[in-house]
Structure formats: structure tokens, C-alpha cells
Amino acid sequence: DQQVKQNSPSLSVQEGRISILNCDYTNSMFDYFLWYKKYPAEGPTFLISISSIKDKNEDGRFTVFLNKSAKHLSLHIVPSQPGDSAVYFCAASKNTGFQKLVFGTGTRLLVSP
Amino acid sequence: EPEVTQTPSHQVTQMGQEVILRCVPISNHLYFYWYRQILGQKVEFLVSFYNNEISEKSEIFDDQFSVERPDGSNFTLKIRSTKLEDSAMYFCASEPSGITDTQYFGPGTRLTVL
């Protein structure tokens with residue numbers, strides 16, 4: 001059941017450059033999307049979200065872009081910092097409010113100094 | 001900043017034994033979830049809970065699993081007779097109002113079934 005896919009298992013970026021993490025989904029009923037960051041032995045930490053009525057949401061160094069027609073979203077981190085090194089999960093839900101999240105497989109980001 | 005807490009951080013048990021995983025959600029949150037992540041796999045939904053009732057459960061959440069909110073603060077997941085394949089990280093999550101879908105996760109309990 002691959003409703004949410006992150007096709008890049010890993011990404012390496014130099015400090016100060018842009019990191020772009022991608023996510024694709026197949027279920028057109030999804031209308032709320034989130035990005036979580038996860039360090040080893042910790043729970044997922046919420047980063048940023050976007051509703052399907054928007055195509056962009058920005059919070060500091062993090063921007064999420066949503067292309068509904070392509071069923072694709074991306075997370076941009078600018079500038080990347082070594083502390084951003086973690087596994088990033090894309091998640092999606094149907095409707096709004098009290099809905100289960102469907103997660104992608106994650107992308108491991110390594111930001112080198 | 002308030003956070004979701006989980007105990008224990010690591011639980012080792014023998015196959016067939018019962019385990020109870022405990023969570024304390026963020027205090028003003030109303031919606032609660034359990035997810036699990038088997039090593040190397042994606043985080044997957046188990047169950048959602050609101051107003052002292054299960055709202056939705058996945059096919060993983062069979063009769064061996066149960067959830068309870070025994071008091072105003074704790075939220076527990078019980079596995080009655082553990083199997084080897086129950087070995088995973090179990091994450092509790094809570095959501096404030098059910099409007100924004102922003103779920104906040106605890107640090108997880110690593111369950112190892114021998």
C-alpha cells in the first residue's frame with residue numbers, strides 16, 4: 001500500500017546549500033500534508049504542513065510546495081545546517097481533523113560542514 | 001514546551017506475554033493515536049481514540065491489541081499475547097483539536113519480543 005512515496009532514501013547536501021526532499025502520493029482524497037523530522041531513538045517531530053487549498057507554505061528556513069495536479073510535494077530547506085541531518089518523513093491525511101496519517105518511507109538527509 | 005511522554009523507553013518480553021505501553025499526551029489535547037514502526041519500514045497507523053472510544057483502527061490492530069485511557073492523563077496500549085512480529089517502535093501521538101491534523105509524537109517505546 002504505497003499511497004505516499006519518498007523515492008529518494010538518502011540525500012547529501014553541503015552546509016549552506018538548499019536541500020530539496022520530494023514526496024509523491026497516489027490517493028486524491030488526501031488534502032492535508034505534513035513533514036516530520038526524526039532523529040534516531042526519538043519520535044517524529046512536526047516541521048511544517050500544508051493544506052490542499054494552498055500551493056506553498058513557509059516557516060523560516062522551511063518551505064513546503066504542493067502540486068496537486070502532479071500529486072507531488074516537496075520540502076525545501078534553505079540554508080541547510082548540519083543539525084538538519086535526520087530522516088524526513090512526508091505524511092498525508094484525508095479531510096481535516098482527527099484523521100490517521102499515512103507516512104512515506106522517509107529520506108535520510110545528511111548535511112556536511 | 002509541552003510534550004508527549006512514553007514509558008518505558010525499551011521493553012523486552014517473552015513471546016506470549018502481555019505488555020502495556022504507556023503514554024501521557026499533551027494535557028489539553030483531545031485526540032490520541034498509536035503508531036508503530038518496524039525496523040527499516042515506514043511508520044504505520046494502529047488506532048485512533050477520542051472521547052473514550054476507538055475511532056478507527058487498522059488491520060494490524062486485531063483482538064490482541066487494546067487501548068485505554070484509564071484516567072485523565074494516561075493513554076495505554078496493551079498487547080495481550082505478544083508475537084515475534086510485534087517487535088517494533090511504538091509511538092503515541094496526540095492532537096489538540098482535530099482541526100489542523102497536526103499530531104505531536106512521543107519519543108517511542110522500543111518493544112523487543114524474544
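Each reported figure results from applying straightforward, stated rules to the coordinates on display, with no laboratory input. Quick caveat, the model's predicted, so the values are computed rather than measured. Glycine gets a Cβ as well: all are built from the backbone with ideal geometry, and neighbour counts include every protein chain shown.
Which whole number gives the average, over all residues in A:34-46, of C-beta atoms from other chains lying within 10 Å of the residue C-beta?
Partner-chain Cβ atoms within 10 Å, mean over residues of A:34-46: 5.
In whole angstrom, note down how far apart the Cα centers of the range A:21-57 and the range B:1-72 are.
If we compute the Cα centre of each part, the gap is 21 Å.
To the nearest whole number, what is the average tally of beta carbon atoms from other chains within 10 Å of the beta carbons of peptide B:44-50?
3
Rounded if a/c is under 1.5, else prolate if a/b is larger than b/c, else oblate: which is chain B, with a ≥ b ≥ c the root eigenvalues of its Cα gyration tensor? Don't skip to the end; give the middle numbers.
Working: a/c = 1.66, a/b = 1.59, b/c = 1.04.
Because a/c hits 1.5 or more and a/b exceeds b/c, chain B counts as prolate.
Step through the table entries A:Lys37/A:Lys71; A:Lys94/B:Lys83; B:Lys57/B:Lys78, compare each Cα-Cα distance with 24 Å, and write down the pairs that go over it.
With Cα atoms farther than 24 Å apart: A:Lys94/B:Lys83.
Using Cβ counts within 10 Å as a stand-in for footprinting exposure, how do A:Lys5, A:Lys54 rank, fewest first?
A:Lys54, A:Lys5
Which aspartates and glutamates, on any chain, are close to A:Lys56 with Cα under 15 Å apart, when same-chain ones fewer than 8 places away are left out?
Output for A:Lys56: A:Asp31.
Which whole number of Å³ per residue matches the convex hull of the alpha-carbon atoms in the protein assembly as shown?
On the way: hull volume 27.8 nm³, N = 227.
About 122 Å³ per residue, rounded to a whole number.
Just rank A:Arg17, B:Arg110, fewest to most, by other beta-carbon atoms within 10 angstrom.
Details: A:Arg17 13, B:Arg110 17.
Result, fewest neighbours first: A:Arg17, B:Arg110.
Round to the nearest 0.05 the FRET efficiency obtained for A:Val78 and B:Ser58 when R0 = 41 Å and r is the Cβ-Cβ distance.
0.65
What FRET efficiency comes out for the pair A:Arg17/A:Arg108, r = Cβ-Cβ distance, R0 = 22 Å, nearest 0.05?
So the FRET efficiency works out to roughly 0.85.
Calculate one ³J(HN,Hα) per residue across the range B:7-15 by plugging θ = phi - 60° into the Karplus curve 6.51 cos²θ - 1.76 cosθ + 1.60, and present them in order as whole Hz with x for glycine and proline.
9, x, 6, 9, 10, 10, 9, 8, 3
From the square roots a ≥ b ≥ c of the eigenvalues of the alpha-carbon gyration tensor of chain A, which class results: rounded (a/c under 1.5), prolate (a/b over b/c), or oblate?
Numbers: a/c = 1.81, a/b = 1.56, b/c = 1.16.
Here chain A falls in the prolate category.
At a 10 angstrom cut-off on C-beta neighbours, averaged per residue, how do the peptides B:42-53, B:10-21 rank from highest to lowest?
Working: B:42-53: 17.8, B:10-21: 14.1.
Top to bottom by mean Cβ count within 10 Å: B:42-53, B:10-21.
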